[in-house]
Amino acid sequence: MKHLSQEKVYQIVQGIDIIEVISEFVQLNKAGKEFVGLCPFHKEKTPSFTVSPAKQLFYCFGCGAGGDILSFLMKYENCSFVEAVEFLAQRQGITIAEKKGEPFEDSKRREKELLIQINELAAQYYHELLMSSSAGRAARKYLDFRQIALQTRKEFCLGYSKDSGKDLLSFLQKRDISPTWAKEAGLISTPHQGGGEGEGYDRFRGRVTFPIYSHDGKIIALGGRKIDEKAFGPKYLNSSETGVYSKSSSLYGLFQAKQFIRATGLAIVVEGYLDFLSLYQGGFKNTVATLGTALTHGQVKLLKRYTNKVIFLYDADQAGISATLRGLDIFQQQDIDVQVAMLPSGHDPDSFVRQYGPQELSKRIAQSRPAIEFLIHQSIQRSGISTVEGKVKATKEILLILSKVSDPLVRMEYVKLAAKHLNINEEMFADELQRKIQEGRRGGWRQATRAGSSSPSLKEGIDCGRLLAAADATQVAERMLMGLICRGHVSMDEVLAESINESDFQSESMREIAQVVYSLWRDRKRLVSEELILALKDEKLKGVVSGFLFEEVNYEDTKRVFQDCVAKIKSRELTRKLQSLHHEIKSRSENDSEINRLLKEYSEIKKRIIIG
Ligand SMILES: [Zn+2]
């Protein structure tokens, strides 16, 4: 287990600028003293996600998520506290000392490091073969033919794997990497016969290789394209999935392109390595390749860190179109604006740039259309609505497309457009669409996507609001007082002077926060918001405290508010005392000598409650 003291963690967090780190994941814009963006933790159209450089905290006014940079990373990357700290440590070149013993998590991490190391060795080995060996001549010729510039070959570490099929294994073995690990790294294929026995051979033999980078720049896999069209095997090939590589959550080129995607606010999505490289070297550096037809949920989430707008480049073939259709649900869930730019029939992005040049491509991109509109036009063109059959077919297809649009206002706009192009009655078309949507609901898929898209924290927020409305005045007072304490509007000395103790906070969340606040105060005789956030273990409570810190309060008389809160909280104690006195008085006989004293005490407490 890595050794992490509170001080060490604090030091690591202190060395980080929260704006810098969060803007790698969320597009942030400056708004006054703070930065705002669309919340990655709930679906929204206007930004309520706020990051404060002064506080080094984030808070979402929409869903209540909040905390420091560690809470952000844990929530966003769904990683552990230690992993989040490590991520920040690495950025600053700080190493975290390891304690003896090696629990499961650490050996896993070491395994991942080894897999990456093997991939990087292999990529480098293939790269050198491509750049300077005589064996690489055919591959160089192939890349010349595809007009991939020398600079591009270097920047993306392109390579060549010899035809023989055993080269990589022996190269790795000289570096103490066993065939088992080479296989584990996804670079070796096992012979079909013999059920995986034997050492296997280079998966990419006879191919140009394209290293696949993780979004933070590590080589996690390779892709290969054969250079002899007549050679055995598929045209394109990727590493098998490994402990560090999953096809559905990687995007080719993202590491190199991400800064350009963020700068332009737009990602161009293509399918293949060569499409990507062609565009990138043609000046379209904000491009990524999916290495497959449809974008997956994981890939969209990855893109969403850098942009909310995506353009697909397609030629007029059907495969691309149905891929767009399949991806629409995912994009809608993530609130990404999807556009489609068309290329002339028979052209892919690579061949188009080579034939017409970057300027022509810029024009095509500028003419891109919203995906739905594009799909409607495609359907009409393909079906040919001059015949009855064609019209029926197109209508059915378009109904299916529009039934996937979740925003009713947007849907109505498209109904108008579609009805006009299909030359049918708009109202009838709208009715038919409504029927289709209801059918879909009965079928269940809509409900499923609905449930998936509303975040649990949002639901909690609503429940929380309802609870608050029903809460008694003392609960409100507890919250207000805790807010005053967290923002430093009152000092702990003042609070203790009023003999408000941890136990005076009785609502569950306030009590838990109070426990941490009081113990920090006891240990350090100070209350610093960063330390408080760090010390809170529960993510929800971090959110609550961040909420206090981001709250814009302008009390005319803070001391007066403080006194009110104290009185309210104390009055609960008094009420309880009153009840027990009441009970006691009733239980005694009229001529008990104590009764007068009890009655006097009772009326005094009652007076204090009324004044409070
Ligand atoms: Zn939110």
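Only the coordinates and a few stated rules stand behind these numbers; no lab work does. None of these values were measured; they are calculated from a predicted model. So basically every Cβ, Gly included, is an ideal-geometry build from the backbone, and we count neighbours across all protein chains shown.
For the chain, find the longest principal axis of its Cα atoms and tell me its angle to the long axis of helix 558-587, 0 to 90°, nearest 10.
60 degrees
Answer rounded, prolate or oblate for the range 184-315, using the Cα gyration tensor with square roots of eigenvalues a ≥ b ≥ c: rounded when a/c is under 1.5, else prolate when a/b is larger than b/c, else oblate.
Numbers: a/c = 2.48, a/b = 1.80, b/c = 1.38.
Verdict is prolate for the range 184-315.
Kindly write out, for the range 65-76 in residue order, the coupling ³J(HN,Hα) from the Karplus curve 6.51 cos²θ - 1.76 cosθ + 1.60 (θ = phi - 60°), rounded to whole Hz, with x marking Gly and Pro.
Listing the rounded values in order: 5, x, x, 9, 5, 5, 4, 4, 4, 4, 6, 6 Hz.
Hey, what does the equivalent ellipsoid look like for the range 326-394, semi-axes from the Cα gyration tensor as sqrt of 5 times each eigenvalue, largest first, whole Å? The partial results should precede the final answer.
Working: eigenvalues 131, 77, 17 Å².
For the range 326-394, the semi-axes come out at 26, 20, 9 Å.
Along the Cα→Cβ direction, 7 angstrom out, place labels at Ser491 and Glu7. What is the inter-label distance in nm?
Distance between the two pseudo-spin positions: 2.6 nm.
How large is the dipole of the chain about the Cα centre if only Lys and Arg carry +1 and Asp and Glu carry -1, each at its Cβ, rounded to the nearest 20 debye?
Details: 87 positive and 79 negative charges, 221 e Å.
The calculation lands at about 1060 debye.
I want to check the label-to-label distance for Asp335 and Gln14. Put each point 7 Å from Cα in the C-beta direction and report it in nm to one decimal.
3.6 nm
Taking only the alpha-carbon atoms of the range 27-90, what semi-axes of the equivalent ellipsoid follow from 5 times the gyration tensor eigenvalues under a square root, in whole Å, largest first?
Values: eigenvalues 89, 39, 16 Å².
Taking √(5λ) for each Cα gyration eigenvalue gives 21, 14, 9 Å.
Please list, in order, the residues from the range 483-505 whose amide nitrogen is less than 15 Å from a point placed 7 Å along the Cα→Cβ vector of Ala567.
none
Label-point separation (nm) for Arg110 and Glu128, each offset 7 Å from Cα along Cα-to-Cβ?
The modelled label-to-label distance comes out at 2.8 nm.
Take the alpha-carbon centre of the range 117-137, take the same for the range 325-365, and report the distance between them in whole Å.
With the range 117-137 and the range 325-365 each reduced to a Cα centre, they are spaced 32 Å.
What is the ratio of the Cα radius of gyration of the chain to 2.2 N^0.38 Å, with N the residue count, to two decimals? Intermediate results must be reported in sequence, preceding the final value.
Working: Rg = 31.9 Å, N = 612, 2.2 N^0.38 = 25.2 Å.
Rg over 2.2 N^0.38 Å, computed on Cα atoms: 1.27.
Report for the chain the percent antiparallel among DSSP-assigned beta bridges with both residues inside it, nearest 5. Present the calculation step by step, with values, prior to reporting the outcome.
On the way: 31 of 43 bridges.
If we restrict to bridges inside the chain, about 70 percent are antiparallel.
Please say if the range 104-245 is rounded, prolate or oblate, where rounded means a/c under 1.5 for a ≥ b ≥ c the square roots of the C-alpha gyration tensor eigenvalues, and otherwise the choice is prolate for a/b larger than b/c and oblate otherwise? All intermediate terms of the calculation are to be shown ahead of the outcome.
Numbers: a/c = 1.88, a/b = 1.32, b/c = 1.43.
The shape class here is oblate.
Could you sort 52-59, 595-602 so that the peptide with the highest average Cβ count within 10 Å comes first and the rest follow in order?
On the way: 52-59: 19.8, 595-602: 12.6.
Going by the mean number of other Cβ atoms within 10 Å, highest first, we get 52-59, 595-602.
Assign one of three labels to the range 254-367, namely rounded, prolate or oblate, based on the Cα gyration tensor with a ≥ b ≥ c the square roots of its eigenvalues; rounded applies when a/c is under 1.5, prolate when it is not and a/b is larger than b/c, and oblate otherwise. Write down the numbers at each step before the final one.
On the way: a/c = 1.72, a/b = 1.22, b/c = 1.41.
Oblate, since a/c reaches 1.5 and b/c is not below a/b.
Work out the FRET efficiency for Ser248 and Asn78 from their Cβ-Cβ distance, taking R0 = 22 Å, and round it to the nearest 0.05. Don't jump to the answer; show the numbers that get you there.
Values: r = 16 Å, r/R0 = 0.72.
Step by step, r from the Cβ atoms, then E = 0.90.
Give me the extension gain from Ala31 to Thr575: residue separation times 0.36 nm, minus the current Cα-Cα distance, reported in nm with one decimal. Please report the intermediate quantities before stating the final value.
Values: separation 544, 0.36 × 544 = 195.84 nm, distance 4.66 nm.
Contour length minus the Cα-Cα distance gives 191.2 nm.
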